[in-house]
Structure formats: structure tokens, C-alpha cells
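A.B. asks: Starting off with a structure, shown below.
Just so you know, all these numbers are worked out from the coordinates, no wet-lab data involved. Computed from a prediction, not measured in an experiment: that's the story for all the values here. Cβ: placed from backbone, ideal geometry, glycine included. Neighbour counts: every protein chain shown.
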Amino acid sequence: MARGALGKRRVKGEPTHPLADKRHCQADFRGEDVKPFTPGKAKEIVMSLQQPAVFCNMVGDWPALHWNAKYLSALLDGKTIQFRLGLKTVDLVPQFETKCSYVKATLEEFLAWSCGQPSCLSGPFSCYEYSKYWAYADYKYIARIFEDKPEIFQDIRWSDFGFPGRSGKESTLWIGSEGANTPCHLDSYGCNLVLQVQGRSSGERAAETLWKPPSALCFAAASPVDFRSHQKRWHLFPPGDTSFLYPTRIPYEESSIFSKVNVANPDLKRFPEFRNTTAHVVTLSPGQVLLVPRHWWHYVESIDPITISINSWIELDADHEARVEEAITRMLVCAIKSAENPGDGDLWLNPTEVEATSHEINLQYLNKAVSAYFKFQKASVSEQARPSSTDAEQRTSASCKRKKREVGCEPECCRSLTHEFGFSTFKAEKLQKIPFGPDLIQVLPQSQETSSMGVVAVEGDGRDLLHENEGGHFGKSHCTRKQLVMSNDCETPAHQMDSDGSPNPSQTALSTNDLLDCLVNPHVISLVARLLLERTRV
């Protein structure tokens, strides 16, 4: 997900960062203990900037930059993790998680598979040919998979961005093969900081080598450094594009609103409004940190053989209203979808959700959300009369983001955003105060002349912007798990289309999902939440 640059602090005798060759070496004239932004300034940028940007030169001294696949494999010591698999095929339909296959495997087995080792013929990946499939170990909470090694949490230092006390314990790990992707969606809660990790074996000369998987598998001798290695490509869309992205809550997952559009290969006949979107496309390299602001849509894909990244969702003080919105959405989706005949074959619940909760539990969830909203409002008024509390006091676990039940969190620990989806763009005068430059790169809108497959790449220290026009996007997966072969209504047009793309009234057949797409549309839910809060306030 994010990518790299040369850090400013270095322990004496420690190997230099992989990008620290003569083309990118800027640290010395600044002083080894100096970073481009103080924690306070970095936090100010994170909390105020409402467009995506890439931080460079901020994490060069983080031990987490050594988290290559060989290191992580040794750290996991044979522990299995779940991988999501999809086909490397281009399709007009998004590859939702309900359409993927899943296997549990060790990281060593994953690396052997990605290198075409013969041992894979009998392993967990034996049914999946590497040339046809990608695999993704995504949303792995570091606090859970390394619960027996809490000392490694400190390898991740979000305190450098102004969040003291936040470490790997509040972060997630992502490990993917080439083509691995996340469907286009937006997160209801918080903003997102993503570090792209550059892995390397100890003893390699950083400026001359490219990391390859461990020697026991396919770890060959080092080759000349390629500054496009271990990258992820992000397609980002502003909140104002929400209606153009055809939002849906099917498959349902708390805090994730999916797009019906496969943004890598859009079906413009079915989704003509997608033409009105403003794509911000950036390729992220090791050591750089991407800021994904609140409510920005994003589609992410790995474009190299192995990618490793770490992220942390930053909760916002105003997260409470969206929590109410999510509670309303959960109640409506669960009530309506649970009433359907199970034989309809719509696997509507995302694998990240443990179960469809009952109406009684959902009502309790809603009441807790409303109560927390007013408690926060009252506290906010009191805060204006006294100094603000410390970051550590304000911080709650961002690991509740998507798999709160996986880590045993109660619903009330999860937060949400107050601003509705149509919030105004960041004012020009405020943007002028943001210190953009080689250490903070704007992710600009894709030019009209650039094709839909083009990207803006930020390489090395971020001084150069490179426009690309490439393929490498992958689409729909065919499921192999029996319980995952059922179709999803939201991927089938509710209306049969004429040749010009307009609905044919004689063939109209509305589904439950069509109703839900209207009923739980973000704009509608925002209005319902406000009406409900007005009623409760009275």
C-alpha cells in the first residue's frame, strides 16, 4: 500500500535504507537526527489535509522497514494465516471477498508457491496455479498474529506522526502476491496511514540489491536495484464522487462501503456516471507513507511479486455520527436480508463479518451509538473550557476497524466520522499552508489525457512524478469453496438494458439488493441519522 524514501535518523553501523544511494541521499546535509516534519507538524497535516498525499523521509529509522518476507516467516515460526485468492483475469465485475477462495498456510508455503517451488504441488496452494491466481493475507492485526511477541510492536513508530503510544499494536499487516487487490471502497471511520515496507536480507548492500524471497525457497543472489519493486498502486476518488461510484452495502461489512464498479476495468454501459469521477492514481514505493483522508474511495493492487505493507487507522474526534449511521445500516441490512429465503443463493455477508446479528442486538448497538454520540457532544463542550487532553487519553484502538469481533472488541469501541459524504473540498487558502515539496507529495488528479490505466508514480525521494500507461489489473474470481460459489445480486443488473444502456421497462425485475442500494445509500443514511439524533435530542 504505501512506499519508500530515505530516512533521516540512522543508528551508527546500521545498514542504509534500500533507496539510500547517491541518487537519493539527502540525509547528511540535514543532520542524521532530523526528520522533515516534527511529530506535531505531521499530525497537523494528517488531521487537516483532505486530499491524499505521500510522506517521504519519515520512517528511515523504523525497525519495521526490516520486515521482509524472510524475517516475518521466521517470526511466525510455522504459524498459519489465512490467504484470500482470486483469479488474475480482467472482468467488468468487482472481485468482492465473497467471490474469492480462502486457504490457511504458512508464510513459507506462500513464498514457495509464489516462486513456483515443486513442494507446492501438495501444499495448501496446490489447487491454485500461480500464473492464474493471486493471494492476499490482508487485514492481519499485528496484535493478534504476534500476540506472543509484543516486543515487536515497537518496530512501528506512529509517534513520529504525532500519535504517541501508537505502535504495531494498533496496526495491520498486508502481504500479497502480484495482482492481489482490494475492491474499491471507502471506510466509514477515521483516516488511514499506510507504510509500504521494503524487505531486505541482512548483509546485502542496500544501494546495489533488490530484495528477493528467502534462500530456502527461491532467494537467489541479489540483482541490481529496481526502484519500482515491491510497489502497490492506489486508485483514489474524492468523497464528492460517491454517487458516480454506485455505492452498495452488499456484500455487507461494517464500516466499508463498496463500489459496484470495477474501477480497473469499468463497465461504462452499466455505470455511465463513472465517467464523471476524478481519479487520483499513485504508485507507492518502499519506505513512503500514504495518507488516505476520511471518506476517500480507494482501490489497491499489488504490482510486484511480493508486497508487504503496514497501516493504521487514525480515529478522529468527530467519529461518532458515522457510528450511528453504521448502526442504522447494520439494522436495516440484517433485518431485510435475513428475511430472504436462504435458497436465493445471495452470499450477502462479507467473510470479515462473523455473523448476521439479531435485531435485538442491532437495536442495542444503535442505542449505544446514539448514547456515545451525545456523550461526546457533551464532552466536546466541556473541552472548550479547558486544555485538551493528551493524544494517549484520546486514543482508542483503531484495530476495531473492520474485524472488531476477531480481536474481541465491543461495538462501542469503534468510531466513525461526523462529516457526511458530500463535504466541501479543502479550501485553497488552507492548502497553500501545507508544506508540499520533496517530503510531502500531493497525489494529484489524473490528467484527462492519461488513459484509465495510467498512474502517477512517486519514486525514491518523491522529486519526480512519472506518468505511466500500463495494464496489470485483474478482475473477477471463480470460487472454489462450495460456500462461496453463490452469485451476488449486486453484480447482476437489476434492469435488463437495451442496446443504448437504458432500462427496458418490460424486463424490469427489482431485487432486495436494489431496494437496499437506495435505502442504505450513504446520503439517505446520513439524513436518517440526523433525524434520529434530532428526535433523541428532544
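A.B. asks: What is the count of Lys pairs in region 47-195 whose alpha carbons sit under 22 Å apart, if the two are 8 or more places apart or on different chains?
C.D. replies: Step by step, the pairs that qualify in region 47-195 add up to 20.
A.B. asks: Taking the mean number of other Cβ atoms within 10 Å as a proxy for protection, how do you rank 514-527, 163-176 from highest to lowest? The partial results should precede the final answer.
C.D. replies: On the way: 514-527: 17.8, 163-176: 22.8.
Taking the mean over residues of other Cβ atoms within 10 Å, the ranking is 163-176, 514-527.
A.B. asks: Sequence-distant or interchain residues sharing an amide H contact under 5 Å with TYR141, placed H: which?
C.D. replies: Under 5 Å from the amide H of TYR141 lie the amide H atoms of LEU173, each far enough along the sequence or on another chain.
A.B. asks: Here's a follow-up. Give me the distance in nm between label points sitting 7 Å out from Cα along the Cα-to-Cβ direction at VAL90 and VAL34, one decimal.
C.D. replies: Simple spin-label model gives 4.8 nm for this pair.
A.B. asks: May I ask for the Rg/Rh ratio of region 22-175, computed from Cα atoms with Rh as the Kirkwood radius, given to two decimals? Don't skip to the answer; put the middle values down first.
C.D. replies: Details: Rg = 19.2 Å, Rh = 18.4 Å.
Here Rg/Rh amounts to 1.04.
A.B. asks: Per residue of region 284-292, in order, report the coupling 6.51 cos²θ - 1.76 cosθ + 1.60 (Karplus, θ = phi - 60°) as ³J(HN,Hα) in whole Hz, putting x for Gly and Pro.
C.D. replies: 9, 10, x, x, 9, 10, 9, 9, 9
A.B. asks: Cα convex hull of region 92-191: mean projected area in nm², to one decimal? Don't skip to the answer; put the middle values down first.
C.D. replies: On the way: hull surface 34.9 nm².
For region 92-191, the mean projected area of the Cα convex hull comes to 8.7 nm².
A.B. asks: Quick one: which residues, 5+ away or cross-chain, put their amide H under 5 Å from the amide H of ILE314? H built at 1.01 Å from N.
C.D. replies: Long-range HN contacts for ILE314: CYS191, ASN192, LEU193.
A.B. asks: Would you grab the residues whose amide H sits under 5 Å from the one on GLY60? Only those 5+ places off in sequence or on another chain, please, with H modelled 1.01 Å from N.
C.D. replies: GLY7, LYS8, ARG9
A.B. asks: Under Stokes-Einstein, with the Kirkwood radius over Cα pairs standing in for Rh, what whole-number D in µm²/s applies to region 223-316 at 4 °C and 1.567 mPa s?
C.D. replies: Numbers: Rh = 15.0 Å.
Answer, rounded: 86 µm²/s.
A.B. asks: If you don't mind, another one. ³J(HN,Hα) across region 145-151 via Karplus (A = 6.51, B = -1.76, C = 1.60, θ = phi - 60°), whole Hz, x for Gly/Pro?
C.D. replies: 6, 10, 5, 8, 9, x, 5
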